[in-house]
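The values are calculated or read from the model by the stated rules, or taken from the named source; none is laboratory data. Note that this is a predicted model, so its numbers are computed, not measured. Virtual Cβ from ideal backbone geometry, glycine too; neighbours counted across all protein chains shown.
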Amino acid sequence: MSYLGIEFSELRIAVFDFTGCEGCELQLANKEETLADFLRVLKIINFREVSSAGGSDYDIALIEGAISRSDEIERISSIRARAKVLVALGSCACFGGVNKLKNAYDLDETNREVYGDDPKETLPVRPIREVVTVDLEIPGCPVSKAEVEHIVQHLILGIPYQFPVYPVCLECKQRYTVCRFEHGQVCLGPITRGGCDAPCPAGGLGCWGCRGPAADANLEEFFALARARGFSDREVSERMNFFGAFEVRK
Ligand code: SF4
Ligand code: SF4
Ligand code: SF4
């Protein structure tokens, strides 16, 4: 196959889900206007949501979800042993994601409360990188399909991919969104890595930091800014911990 006159071989990929909502996988299957081109350069070896194919001779493993059970530790270890490149896909895989909120609780007590006499096995949630070596992390809840497509293009052409170093605010201003702070809301845009095109401020929610910290994010200055606007440290830190990406305690 060739692209712009450059020869390449199709990428043999497999997608696997762990503790997550499968929203990142859905993103890959979404965006119909580019789906045909996207699939043309990929050989799907394993991807439960789009194909009944099942095999183990893949080069690239895309991992969605965090690790929260012992059988998941065994499964991710065997995938790691087979894959040449292992990619953590989405905030659950990169940081633990919303699942990680449960780590703040006594799991035995919570298990009894929820499941009574039939408790389920559950471990504290860990991101993939805390269990096996990860070659690339693509953050976002869910991931941006456009960003995944860019990364796949770079992998095909063998060119390193540079994630944005600027914060969400830059893209928010490019969209002419009125700042959520002006509406009396908290927004983590100033300290969160850009690349998502700032959909949450545009939708009226403020940013929750799903892509993790921007390069050189000044957390203390952000707390001071939020305090000056009347928001408590607790309110801000709870938002920062929502996706497990900042891990601050205030
Ligand atoms: S990162 Fe978000 S969309 Fe992706 S699996 Fe986790 S909860 Fe779902
Ligand atoms: S709404 Fe959020 S992302 Fe947009 S400019 Fe304000 S702080 Fe930055
Ligand atoms: S605006 Fe913030 S919470 Fe929303 S997608 Fe972007 S990084 Fe995630």
Every residue from region 75-94 that is touching a residue at least 40 places away in the same chain (Cβ under 8 Å) and more than 9 Å from ligand 1 (Cβ to nearest atom):
Arg75, Ile76, Ser77, Ile79, Arg80, Ala83, Val85, Leu86, Val87, Ala88
If you go through region 24-38 one residue at a time, how many are under 19 Å from Glu64 (Cα atoms) and exposed (fewer than 14 other Cβ atoms within 10 Å of the Cβ)?
1
Single condition Gly194 does not satisfy, out of (1) closer than 21 Å to Gly90 by Cβ; (2) in contact with a Lys or Arg (Cβ under 7 Å, 6 or more places away or on another chain)
(2)
Can you tell me how many residues in region 1-21 are at pLDDT 95 or above and in a loop (DSSP other than H, G, I, E, B)?
3
All conditions in (1) closer than 28 Å to Leu219 by Cα; (2) surrounded by 16 or more Cβ atoms within 10 Å (Cβ to Cβ) are true of Ala83 except (1)
Given the condition outside the structural domain of Cys196 (by TED's automatic domain parsing), under 13 Å from the mean Cα position of the chain (by Cα) and surrounded by 14 or more Cβ atoms within 10 Å (Cβ to Cβ), answer yes or no: does some residue in region 146-155 qualify?
yes
I'd like to check which helices (runs of 4 or more DSSP H) are fully inside region 172-250 and have at least 3 residues that are loosely packed, with under 13 Cβ neighbours inside 10 Å and either away from ligand 1 (no atom under 16 Å from the Cβ) or without any contact (Cβ under 8 Å) to a residue 40 or more places away in the chain (or both).
219-228
Restricting region 165-180 to residues that are among the hydroxyl-bearing types (Ser, Thr, Tyr) and farther than 19 Å from Gly140 by Cα, the residue that is farthest from ligand 2 (Cβ to nearest atom):
Tyr176
So if I check each of Val186, Val114, Val148, Val168, which one is touching a helix residue (DSSP H, G or I) at 6+ places or on another chain (Cβ under 9 Å) and modelled with pLDDT under 95?
Val148
Report whether or not Asn30 is in contact with a Gly (Cβ under 7 Å, 6 or more places away or on another chain) and farther than 30 Å from Glu247 by Cα.
no
